[in-house]
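First comes the structure, then the notes that go with it.
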Amino acid sequence: MKTQKSEELYQKAVKFMPGGVNSPVRAFGSVGRTPLFIERAKGSKIYDADGNEYIDYVCSWGPAILGHAHEEVVEEVRKAALDGLTYGAPTKKEIILTELISEIMPSMEMIRLVSSGTEAVMSAIRTARGYTKKDMIIKFRGCYHGHSDGLLVKAGSAALTQSVPDSAGVPASYTENTLIADYNDKASVSQLFERFKGKIAAVLVEPVAANMGVVLPEEDFLSYLREITYKEEALLIFDEVITGFRLGLGGAQAYFNIKPDLTTLGKIVGGGMPIGAYGGRRDIMQVVSPLGPVYQAGTLSGNPIATAAGIKTLEILKKNTFIYQELEVKAKLLADAYADRAAGKGEAIKVNQIGSLLSAFFTDKEVKDYNSAVSSDTGKYAAYFRTMLEQGIYVAPSQYEAMFVSAAHSEADLEKTCRIIREN
Ligand SMILES: *Cc1c(COP(=O)(O)O)cnc(C)c1O
């Protein structure tokens, strides 16, 4: 594998951008190599600056569920661009997209479009606080909700204490209203509600955790969160930035049949362009400005190019829901290949898979929360990553990210990938 051009680009990139990248995971730091610079992508394949071709299971971290550069989506983007890139005024396309989202996810009665998942979650929390007039929120150790100050919270050792910031530059006072519970641990949630009675505005959760690797909710975990939030008059926020339109058309809320009060979206909803969205119960969303007192705004919010890509992507998914059965079948093939590899080599591997999301953890523990996720041998993951890459398979450059399957992955792609998983 030749990577000379990527290496040259990297040498130049580090002069102008911290670490040579615009988002840290792209730097390949945890897998012990320098990043590949990507030149183009089409369907299931991604191509680097040296002309190497890879079968891509990162899929831009989720958006590319239809595969890269889907012709109909690209055509809509091209057409939209000719009509002007941004106006800072309302458009019909924003109505079409929000109506479409609301049809697909009926819990989202009213919606605000923003430009990223980070913005969506940050704003949903502000809305929950404004509505409930309470300040505290509960999040789960190992769940990621974007990089806003109050959510960059360290997975500290004591399960039930107020948290300290995870990043330099975040004053401790910014995270003092963020409480940390353990994923799949109902008692850790009820204890926080007892201790901070009447002060908790919302419980924020990735209904399927996909940012500590993929971790599935246990049988009654999500329904428990629904119950306790009703009882304690707090809101339930599903962060469906990954799971929305991926676990099934209706996301995790349809899959598990649980209705959150607020939902956040990103990734697929923009079809590869920058969009985030938050929304939910009408009476809650009516507190958002200009209707209500919770301020939130954006110069490029509801951008006409991005909404065009989002509308086309959701329309295609809605018309072709068989895609979701196919994605599940493909993801199962990959999960089986990891199980075969583990059996064949006597290697400790645990695979978590649901829909088109999966993770292979290099551990012999069941992975059901943050502590079990971090029991994975990241050195082994790094070695596995490098071998996969050399054989033309592009998986996440970190143990703690999901593997994403797209509609564009062909039988041949999967056969090749499964063979390489088993053999290497
Ligand atoms: C990616 C992600 C975010 C942040 O979205 P950005 O568009 O990267 O800001 C928030 N929540 C979850 C669950 C995510 O996976």
Practice task
Determine, yes or no, whether T118 is at pLDDT 95 or above, surrounded by fewer than 24 Cβ atoms within 10 Å (Cβ to Cβ), more than 12 Å from the ligand (Cβ to nearest atom) and among the hydroxyl-bearing types (S, T, Y).
Solution key: no
Handout entry: Residues located in the stretch 187-226, provided they are under 25 Å from the mean Cα position of the chain (by Cα) and either assigned to a helix (DSSP H, G or I) or not assigned by TED's automatic domain parsing to the domain that holds F256 (or both)
Key = S188, V189, F221, L222, S223, Y224, L225, R226
Handout entry: Residue selected from the stretch 21-45 under the condition modelled with pLDDT under 95 and on the phi > 0 side of the Ramachandran plot, by the criterion most open to solvent (accessible area, probe 1.4 Å)
Key = G32
Practice task
Can you tell me which residue within the stretch 230-254, out of those that are buried (at least 23 other Cβ atoms within 10 Å of the Cβ) and not in a loop (DSSP other than H, G, I, E, B), is nearest to the ligand (Cβ to nearest atom)?
Solution key: D239
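Checking the conditions here, which among I349, I393 is touching a strand residue (DSSP E or B) at 6+ places or on another chain (Cβ under 9 Å) and open to solvent by less than 10 Å² (accessible area, probe 1.4 Å)? First the steps, then the outcome.
On the way: I349 fails: open to solvent by less than 10 Å² (accessible area, probe 1.4 Å).
Within the list I349, I393, the selection yields I393.
Only one of these is open to solvent by less than 20 Å² (accessible area, probe 1.4 Å) and under 23 Å from A373 (Cα atoms): L113, L151, L97. Name it.
On the way: L113 fails: under 23 Å from A373 (Cα atoms); L97 fails: under 23 Å from A373 (Cα atoms).
Result of the check over L113, L151, L97: L151.
State yes or no: is Y10 among the hydroxyl-bearing types (S, T, Y), at pLDDT 95 or above and surrounded by fewer than 18 Cβ atoms within 10 Å (Cβ to Cβ)? Show your work before the answer.
Values: among the hydroxyl-bearing types (S, T, Y): yes; at pLDDT 95 or above: yes; surrounded by fewer than 18 Cβ atoms within 10 Å (Cβ to Cβ): no.
For Y10, the condition - among the hydroxyl-bearing types (S, T, Y), at pLDDT 95 or above and surrounded by fewer than 18 Cβ atoms within 10 Å (Cβ to Cβ) - is not met.
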Exercise for the section: Run A168 past the list (1) closer than 30 Å to F245 by Cβ; (2) free of Cβ contacts under 8 Å to residues at least 12 places away in the same chain and report the number of the one that doesn't hold. Expected result: (1)
Exercise for the section: Would you mind finding the one in S173, S148, S123, S190 that is touching a residue at least 12 places away in the same chain (Cβ under 8 Å), small (G, A, S) and away from the ligand (no atom under 15 Å from the Cβ)? Expected result: S190
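The values are calculated or read from the model by the stated rules, or taken from the named source; none is laboratory data. Source: prediction; values computed, not measured. Virtual Cβ from ideal backbone geometry, glycine too; neighbours counted across all protein chains shown. Quick note on the areas: whole protein, heavy atoms, side chains included, nothing else; ligands and nucleic acids left out. Shrake-Rupley method; radii C 1.70, N 1.55, O 1.52, S 1.80 Å.
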